[in-house]
Amino acid sequence: MKTIIAISGSLRQGSSNHAILEFLSSQLPADVNYTFYNGLIDIPAFDPGLDTDTPPAAVALLRQSLIKADGFIICTPEYAFGVPGSLKNMLDWLVSSSTLVDKPVALITASLGGEHAHASLLLTLGALSANVIDDATLLIQFIRAKFGPDGHIKDEETLKNLQGVLSCFLKAI
């Protein structure tokens with residue numbers, strides 16, 4: 001059984017990014033364990049002085065979860081032309097641990113624009129030596145227009161693109 005960790009860059013429940021990750025979970029075969037990581041809010045601000053063999057408990061738990069996973073999916077908005085602070089902070093805690101070295105990653109940026117956060121995350125994940133799967137990256141612009149009033153994705157092209165990302169990611173893991 002494969003294990004995927006899903007991480008939303010948005011802390012807001014009911015966000016478009018959460019909805020995308022929920023959609024992806026509904027598309028998975030039964031032999032995939034798909035877990036939502038909900039601990040972003042618990043991770044303290046990065047402090048290199050605390051990044052020791054015994055980091056803060058939330059950081060240690062994150063690292064253990066990611067080590068056990070076969071891969072992870074990030075779905076994030078863009079805030080002020082950049083990566084949401086809580087997501088960037090989480091990634092900063094992973095630099096010294098080599099947790100993401102060669103770990104397969106799918107990256108979805110879903111926002112009004114998103115190109116700045118998407119590019120920045122590709123650089124950050126590269127610095128972490130993560131294995132970002134080229135065909136499992138997607139920038140979805142004008143995300144709110146892609147959802148119906150029921151909170152589900154209504155745009156057929158977006159649905160097709162998300163299914164393509166997931167298919168490529170599953171092949172990679």
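Do you know which residues across segment 35-64 are within 14 Å of the chain's Cα centre (by Cα) and surrounded by 17 or more Cβ atoms within 10 Å (Cβ to Cβ)? Break it down into steps so the answer makes sense when it comes.
Initial filter on segment 35-64 (within 14 Å of the chain's Cα centre (by Cα)): 35-40, 62.
Selection gives Y37, L40, L62.
Going by the structure shown, is T158 outside any loop (DSSP other than H, G, I, E, B), surrounded by 17 or more Cβ atoms within 10 Å (Cβ to Cβ), without any contact (Cβ under 8 Å) to a residue 24 or more places away in the chain and not hydrophobic (A, V, I, L, M, F, W, C)? Spell out how you get there, then give the answer.
Values: outside any loop (DSSP other than H, G, I, E, B): yes; surrounded by 17 or more Cβ atoms within 10 Å (Cβ to Cβ): yes; without any contact (Cβ under 8 Å) to a residue 24 or more places away in the chain: yes; not hydrophobic (A, V, I, L, M, F, W, C): yes.
So T158 passes the test.
Filter segment 93-129 for residues that are closer than 24 Å to I173 by Cα and of a type in the set (D, E, K, R); which is surrounded by the fewest Cβ atoms within 10 Å (Cβ to Cβ)?
D102
Quick check on my filter: what residues within segment 92-126 are touching a residue at least 12 places away in the same chain (Cβ under 8 Å) and farther than 17 Å from G9 by Cβ? Walk me through it before giving the result.
Filtering segment 92-126 for residues touching a residue at least 12 places away in the same chain (Cβ under 8 Å) gives 92-118, 120-122, 124-125.
Scanning segment 92-126 gives V95, S96, S97, S98, T99, V101, D102, K103, P104.
Within segment 1-56, how many residues are acidic (D, E), closer than 19 Å to A69 by Cα and in contact (Cβ under 8 Å) with a residue 24 or more places away in the chain? Before you say what the answer is, go through the steps one by one.
In the first step, residues of segment 1-56 are kept if they are acidic (D, E); the result is 22, 31, 42, 47, 51, 53.
From what's left, closer than 19 Å to A69 by Cα: 22, 31.
In the following step, the residues that additionally are in contact (Cβ under 8 Å) with a residue 24 or more places away in the chain were identified as 31.
Within segment 1-56, residues that are acidic (D, E), closer than 19 Å to A69 by Cα and in contact (Cβ under 8 Å) with a residue 24 or more places away in the chain number 1.
Yes/no matrix, rows are residues, columns are (1) of a type in the set (K, R); (2) in contact with a strand residue (DSSP E or B) (Cβ under 8 Å, 6 or more places away or on another chain); (3) modelled with pLDDT under 95; (4) under 21 Å from L28 (Cβ atoms):
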| site | (1), (2), (3), (4) |
| --- | --- |
| L128 | no, no, no, no |
| N131 | no, yes, no, yes |
| A136 | no, yes, no, yes |
| F142 | no, no, no, no |
| D150 | no, no, yes, no |
| E156 | no, no, no, yes |
| Q163 | no, no, no, yes |
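For (1) closer than 26 Å to S97 by Cα; (2) out of contact with any strand residue (DSSP E or B) (no Cβ under 9 Å at 6 or more places or on another chain); (3) modelled with pLDDT of 95 or more, each residue gets a yes or a no:
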site: T3; (1), (2), (3): yes, no, yes
site: S16; (1), (2), (3): no, no, yes
site: E22; (1), (2), (3): no, no, yes
site: F36; (1), (2), (3): yes, no, yes
site: L40; (1), (2), (3): yes, no, yes
site: F46; (1), (2), (3): yes, yes, yes
site: P56; (1), (2), (3): yes, yes, yes
site: K68; (1), (2), (3): yes, no, yes
site: I73; (1), (2), (3): yes, no, yes
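The values are calculated or read from the model by the stated rules, or taken from the named source; none is laboratory data. As the structure is a computational prediction, the values presented were derived from the model and not from experiment. Every residue, glycine among them, receives a Cβ derived from its backbone with ideal geometry; neighbour counts consider all protein chains shown.
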